[in-house]
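A short worksheet on the structure shown next.
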Amino acid sequence: PIFYGSRDQVLSEVSQIWRNCELYNGNQSIVTEGAHQCERWISTMLQELEDGRPADVEAVDRFNDAFMAEAESDADAAERLMEFVKKLNPKLLTSDGDLELENLTSGEFRAMNSFFDGYLSKKRGRE
């Protein structure tokens, strides 16, 4: 039996299966198309699993520091992020309207980070 020591080892092995399928069956084969469908499904499932995990605490702290620094000079940044979070997951806001970062998932963090990066890019484009 084969035992894997990590998730990456498993994914590497599965990726090799997809490459072999295409190599031995050809690009246009129905078997290869089925392998590509399986590959997309596995990728989607892995992303959903990752999105549900707790966000990395250090990354959240760095984001919070950068956000707070920006919000000191730009009140609009705080307001827009809170509006975004309210749509993303209202449970992340306390009854006082503060952001509850301790329960943030990786997917929510990625969405917030992307939103904030986009906000900063637009703001710098206007300056």
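The values are calculated or read from the model by the stated rules, or taken from the named source; none is laboratory data. The model shown is predicted, which means the values in this text are computed figures rather than measured ones. Cβ atoms come from the backbone with ideal geometry, glycine included; neighbour counts cover every protein chain shown. Side chains included, ligands, DNA and RNA excluded: accessible areas come from the protein's heavy atoms. Shrake-Rupley method; radii C 1.70, N 1.55, O 1.52, S 1.80 Å.
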Revision key, fill the gap. So, first residue touching a residue at least 12 places away in the same chain (Cβ under 8 Å) in the stretch 92-111, second residue in a loop (DSSP other than H, G, I, E, B) and among the basic types (Lys, Arg), Cβ within less than 9 Å, six or more apart or across chains; the pairs are 105/53; 106/53; 107/53
Exercise for review: Search the stretch 1-39 for residues being of a type in the set (Val, Ile, Thr) and surrounded by fewer than 11 Cβ atoms within 10 Å (Cβ to Cβ), and hand back the single one that is modelled with the highest pLDDT.
Suggested key: 30
Review point. Can you name the residue in the stretch 93-109 that is among the hydrophobic types (A, V, I, L, M, F, W, C) and under 13 Å from residue 63 (Cβ atoms) and is also least open to solvent (accessible area, probe 1.4 Å) among such residues?
Key: 104
Check your understanding: Is at least one residue of the stretch 110-125 part of a loop (DSSP other than H, G, I, E, B), of a type outside the set (S, T, N, Q), over 30 Å from residue 14 (Cα atoms) and open to solvent by less than 60 Å² (accessible area, probe 1.4 Å)?
Key -> no
Check your understanding: Here are 49, 81: which of them is open to solvent by less than 70 Å² (accessible area, probe 1.4 Å), under 18 Å from the mean Cα position of the chain (by Cα), under 30 Å from residue 112 (Cβ atoms) and among the aliphatic types (A, V, I, L, M)?
Key -> 81
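Check the stretch 21-34 and report whether any residue there is under 17 Å from the mean Cα position of the chain (by Cα) and aromatic (Phe, Trp, Tyr).
Checking the stretch 21-34: not a single residue is under 17 Å from the mean Cα position of the chain (by Cα) and aromatic (Phe, Trp, Tyr).
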